[in-house]
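Enquirer: The structure under discussion is supplied below as structure tokens; questions concerning it will follow.
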Amino acid sequence: MAKIAGLRVITAALLVLAAACAAPEQQTAAPGASPASTTVPPPDPAAVGANELGMVPILMYHQLSRSPAGDYDQTPEKFRAELERLLRENYRPITVSRFTSGAIDLPAGTHPVVLTFDDSTTSQVSFTTEGAPAPDTALAILEEFHAAHPEFVSTATFFVNNEPFANDQRALPWLTAHGYEIGSHTATHANLGRLDGTGVQREFVQNLRAIAAAVPNQPVRTMALPLGISPNDRTLASAGNWDGTPYTFDAVLLVGAEPAPSPFGALDPTAIPRIRSGRTPVPFDSGYWLDQLAEHPDQRYTCDGDPARISFPRNLSAELTARWSPRSAPY
Ligand SMILES: [Zn+2]
């Protein structure tokens, strides 16, 4: 308990520090130093409670609606409130592929969070006639939130089906041009457990071909299982081949129901858990897990501010996966 209490004090101090800084990446700059300088060393990992073997919440969203129909749906107001909470608690968004590859380049003392959207609906992405994100869509809310809080980068991963976002041809190019990631969610939102191997591979290849037609030269590296259901041959969720076109995914995302382990630790990229965010509180939803991580900050991923180094308390050393040991920085 003493350890947790101590970390709480550090976390509170960090929040004050972050609030006092217009740009968190300038936290370590000495007075008079160039704000753009990249030579300023990041702070002592122990001083910021760095733990890059901690857990990361990957939040899962579906429809945004003023009158939500399903438990997975969310109102625009609740989505805004969740972004406010994430910012207040010092989270910063990254994409799924940045998370799984360990390319987590965030300011010291912040925590990564991954925002994911399934099913490519128009409540997530649609546009005005002028081509701007339409009001109250998830995309517009993310962009407005970033404009109000520049330190909270507007990024997310959208897992799309074919003819995404009501087949609006502007959608995928706009998303990739603005730093969002496109992931696969199969061509037809198939229940992969009911298809044979050929059917599973056809679902992925047809989806990847449709995405590539809309946004060439944007390789799709990540996939979310429709309904959270794996194919009977689970290897086909990560790699396969249909009609002469091979595919491989670096990350396979599930539906439930807990924070993800660190990519430098126990993460299994073929079965990455996500946390649902819905209209009302349900067991193990985003409200529950954000509370848990706030109460146990020693278990949460906290950045050291140096992407070249993986910092963590020395007593966690056994959790580091061997292939990451060249970057290991226990303290
Ligand atoms: Zn889905």
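The values are calculated or read from the model by the stated rules, or taken from the named source; none is laboratory data. Since the model is a prediction, treat every value here as computed from it, not as a measurement. Reconstructed Cβ throughout: ideal geometry from the backbone, glycine too, with neighbour counts over all protein chains shown.
Enquirer: Can you report the number of residues in region 23-60 which are at pLDDT 95 or above and either within 16 Å of the ligand (Cβ to nearest atom) or touching a Pro at 6+ places or on another chain (Cβ under 6 Å) (or both)?
Expert: 6
Enquirer: Being surrounded by fewer than 19 Cβ atoms within 10 Å (Cβ to Cβ) and farther than 30 Å from residue 325 by Cβ is true for just one of 47, 134. Which residue is that?
Expert: Only one candidate qualifies: 134.
Enquirer: Which condition number does residue 277 fail, the rest of (1) over 16 Å from residue 118 (Cα atoms); (2) within 16 Å of the ligand (Cβ to nearest atom) being met?
Expert: Every listed condition holds for residue 277 apart from (1).
Enquirer: If I ask for residues that are in a loop (DSSP other than H, G, I, E, B), under 18 Å from residue 114 (Cβ atoms) and within 16 Å of the ligand (Cβ to nearest atom), which ones from region 153-165 would you list?
Expert: Across region 153-165, the qualifying residue is only 156.
Enquirer: Here is a follow-up. Can you tell me which of 304, 243 is away from the ligand (no atom under 16 Å from the Cβ), more than 30 Å from residue 319 (Cα to Cα) and modelled with pLDDT of 95 or more?
Expert: 243
Enquirer: Let me ask something else about it. Just a yes or no: is a residue in region 216-223 touching a Leu at 6+ places or on another chain (Cβ under 9 Å) and over 19 Å from residue 117 (Cα atoms)?
Expert: No, there is no match, as no residue in region 216-223 is touching a Leu at 6+ places or on another chain (Cβ under 9 Å) and over 19 Å from residue 117 (Cα atoms).
Enquirer: If you don't mind, another one. Suppose we filter region 244-273 for residues that are touching a helix residue (DSSP H, G or I) at 6+ places or on another chain (Cβ under 6 Å) and farther than 24 Å from residue 320 by Cβ; how many remain?
Expert: Final tally of qualifying residues: 3.
Enquirer: Let me ask something else about it. Among the residues of region 172-214, write down those that are free of Cβ contacts under 8 Å to residues at least 24 places away in the same chain and either within 24 Å of the chain's Cα centre (by Cα) or crowded, with 18+ Cβ neighbours inside 10 Å (or both).
Expert: Residues satisfying the conditions are 177, 203, 212.
Enquirer: Give me the residue from region 215-232 that is within 14 Å of the ligand (Cβ to nearest atom) and on the phi > 0 side of the Ramachandran plot and, out of that set, surrounded by the most Cβ atoms within 10 Å (Cβ to Cβ).
Expert: Restricting to residues being within 14 Å of the ligand (Cβ to nearest atom) and on the phi > 0 side of the Ramachandran plot, the top hit is 228.
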